[in-house]
Amino acid sequence: MSSSTVELTKDNFDEVVSGNGFVLIDFWAEWCGPCRNFAPVFERAAERHQDLVFAKVDTEAQPELAATFEIRSIPTLMIVRDNIAVYAQPGALPEAALEDIIKQARALDMDEVRASVEQARAEGAAAPGTDG
């Protein structure tokens, strides 16, 4: 891991993610070939986008975090903006695709995202067959 990425553990996860407005998280494991192939792509992106936090979760060392986020396949990339997961997708991405996803995540209107999250919560809170 380079100096441009942060290792996330169950002990520092909340602090790192809630303390930063834009975090890219790579869920990976040492034994995973696609993870090893994606690592340099992730590192180069971290060097280019030093205003963002790039973090890695070793799913073998942090099984609780992997379980919390229901990580079933690695590598999985997750992007969290303002404490909202706005992207989560398994698979090693080529550099151009990662850059495009970062660009799209930067362009999100977070007020709209928060409003849709609140709406989904409100709709989910109403029990089926009730008026509220």
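At a glance:
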read-out: Yes/no for Phe13 being open to solvent by less than 30 Å² (accessible area, probe 1.4 Å), under 26 Å from Glu99 (Cβ atoms) and either within 13 Å of the chain's Cα centre (by Cα) or modelled with pLDDT of 95 or more (or both); value: yes
read-out: Condition met for Arg48 (in contact with a helix residue (DSSP H, G or I) (Cβ under 9 Å, 6 or more places away or on another chain) and of a type in the set (Lys, Arg)); value: yes
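The values are calculated or read from the model by the stated rules, or taken from the named source; none is laboratory data. Because the structure is predicted, anything quoted here is derived from the model rather than measured. Don't worry about glycine lacking a Cβ; one is built from the backbone with ideal geometry, like all the others, and counts go over all protein chains shown. When the accessible area is computed, the model is the full protein with side chains, heavy atoms only, and any ligands, DNA or RNA have been set aside. Shrake-Rupley method; radii C 1.70, N 1.55, O 1.52, S 1.80 Å.
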